Amino acid sequence: MNAVALVLTVFVACAVEAVEALTIVLAAGLTREWRSTFQGMAAALVVLAVVVAAVGPALTLFPLGVLRLVVGALLAVFGLQWLRKAILRASGYKDLHDEAGIYQREVAAAQAAAAGGRHGVRDWYAFTLSFKGVLLEGLEVVFIAITFGDNQRNLGLAALGAVAAVLVVAAVGVAARSPLARVPENTMKFAVGVMLTSFGTFWGAEGAGVSWPGNDASLLGVIPLIALACAGYTLLLRRARAAAPLPIAVPVGSEEATR
Amino acid sequence: MSRWLRSFGAFWYDFIIGDDWRGAAMVAAGLALTALLVHVAHVNAWWLLPVCVLAALGWSLRRATAGKS
């Protein structure tokens, strides 16, 4: 895997998560109070930095074979989750991730919540909303950056892709002052799911002792194979969905639709 | 303490495994079988895991959409 592919994969994956975190931060900041929102965001970033500092270097202590087996399995399973959701959304079995709708619901909840501070934070609701949003989405960013970076023994480059994605999304969000509803999130999620699953399969099998024909070049076969199969699954489900008599997509606002 | 441990475990289960544990189980079984074939039967089974992964995805999608079309 070359440096450009590593940075690009991590960048796109992290951009998707950053868009989701931005929606929550904007809802907290614009509705409640910016200072507490930034405090929550900063606290989450500190926790994430501690996780990276602790887990990142620790992973490099494992032999590469064991690391690839475990990380490959985790990435493949994680990638399958992304692909499952992206295909169900693309085929109409699940509603598309609606950043504008999620933003409206977060705003309504923030407006209804009681005011009040704790532990030196002026608005505890804004703090916790922002902290949880950034921490949960950030954990996915950290997971992807660490697994890709450690497998390639190039954590710095993976971190560069992740930080660049967060900065770009934050800059666009600040400029727009609204959730990034026009980002083709499902398409990005589909592409990232293909990459996570492909690399997970490649590294997992390598960790299990397999020698891929053509070594790293076999990824040029694995990635299109998984992409084509997923496109095929989407097409099949779209046809089945078109033949369905009633709309069955999960309503926007339900827990299932927003995950 | 046990409640905290339960919710900590539930968070990581949801984070890694998600909605369908069967997909994760198939990937794990595929990896175990690959390792067996390579180290015991001396077969370079590079083709097995991609097949298992795509089968796991297909099965998971089928379960998610069953009875809805």
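The values are calculated or read from the model by the stated rules, or taken from the named source; none is laboratory data. What you see is a predicted model, and the numbers here were worked out from it, not measured in a lab. Here Cβ is always computed from backbone atoms with ideal geometry, including for glycine, and neighbour counts include all displayed protein chains.
Quick notes on this one:
- Condition met for A:Val47 (in contact (Cβ under 8 Å) with a residue 60 or more places away in the chain, assigned to a helix (DSSP H, G or I), surrounded by fewer than 17 Cβ atoms within 10 Å (Cβ to Cβ) and hydrophobic (A, V, I, L, M, F, W, C)): yes
- Flag if A:Gly116 is more than 14 Å from chain B (Cβ to nearest Cβ) and at pLDDT 70 or above: no
- Flag if A:Leu219 is under 22 Å from B:Trp59 (Cβ atoms) and modelled with pLDDT of 80 or more: no
- Selection count, segment A:132-145, where residues are of a type in the set (A, V, I, L, M), surrounded by fewer than 24 Cβ atoms within 10 Å (Cβ to Cβ) and closer than 22 Å to A:Phe62 by Cβ: 2
- Taking the listed residues A:Lys94, A:Lys85, the one that is of a type outside the set (A, V, I, L, M) and at pLDDT 85 or above is A:Lys85, with no other qualifying.
- Any hit, segment A:25-36, residues being touching a Pro at 6+ places or on another chain (Cβ under 9 Å) and more than 15 Å from A:Phe143 (Cβ to Cβ): yes
- Residue check, A:Leu74 within 14 Å of chain B (Cβ to nearest Cβ), crowded, with 22+ Cβ neighbours inside 10 Å, modelled with pLDDT of 80 or more and under 30 Å from B:Gly58 (Cβ atoms): no
Each row is one residue, and each column tells you yes or no for (1) polar (S, T, N, Q); (2) within 14 Å of chain B (Cβ to nearest Cβ).
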{"position": "A:Asn151", "(1), (2)": "yes, no"}
{"position": "A:Ala171", "(1), (2)": "no, no"}
{"position": "A:Val174", "(1), (2)": "no, no"}
{"position": "A:Ser218", "(1), (2)": "yes, yes"}
{"position": "A:Val222", "(1), (2)": "no, yes"}
{"position": "A:Ala227", "(1), (2)": "no, yes"}
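- Hey, A:Ala181 more than 9 Å from chain B (Cβ to nearest Cβ) and at pLDDT 75 or above or not: no
- Long-range neighbours under 7 Å by Cβ, at least six apart or interchain, first residue more than 7 Å from chain A (Cβ to nearest Cβ) and free of Cβ contacts under 8 Å to residues at least 24 places away in the same chain within segment B:48-61, second assigned to a helix (DSSP H, G or I) and surrounded by fewer than 23 Cβ atoms within 10 Å (Cβ to Cβ): B:Leu48/B:Leu33; B:Leu48/B:Leu37
- The selection criterion, being over 16 Å from A:Lys132 (Cα atoms) and not in a helix (DSSP H, G or I), does not hold for A:Phe78.
- B:Ala28 vs. criteria at the interface with chain A (Cβ under 9 Å from one of its Cβ atoms), in contact with a Leu (Cβ under 8 Å, 6 or more places away or on another chain) and under 15 Å from A:Leu74 (Cα atoms): no
- Restricting segment A:207-237 to residues that are within 17 Å of B:Trp47 (Cβ to Cβ) and among the polar types (S, T, N, Q), the residue that is surrounded by the most Cβ atoms within 10 Å (Cβ to Cβ): A:Ser218
- When restricted to residues that are within 17 Å of A:Gly65 (Cα to Cα) and either of a type in the set (Ser, Thr, Tyr) or more than 7 Å from chain A (Cβ to nearest Cβ) (or both), segment B:31-47 contains 5.
- Considering B:Gly23, B:Gly18, B:Gly9, the condition of being within 9 Å of chain A (Cβ to nearest Cβ) and not in a loop (DSSP other than H, G, I, E, B) is satisfied by B:Gly23 alone.
- Test: residue in segment A:196-204 that is among the aromatic types (Phe, Trp, Tyr), surrounded by 15 or more Cβ atoms within 10 Å (Cβ to Cβ), out of contact with any Gly (no Cβ under 8 Å at 6 or more places or on another chain) and within 22 Å of B:Ile17 (Cα to Cα): no
- For segment A:59-71, a residue qualifies if it is closer than 16 Å to A:Asn154 by Cβ, surrounded by fewer than 23 Cβ atoms within 10 Å (Cβ to Cβ) and of a type in the set (Val, Ile, Thr), and exactly one does: A:Thr60.
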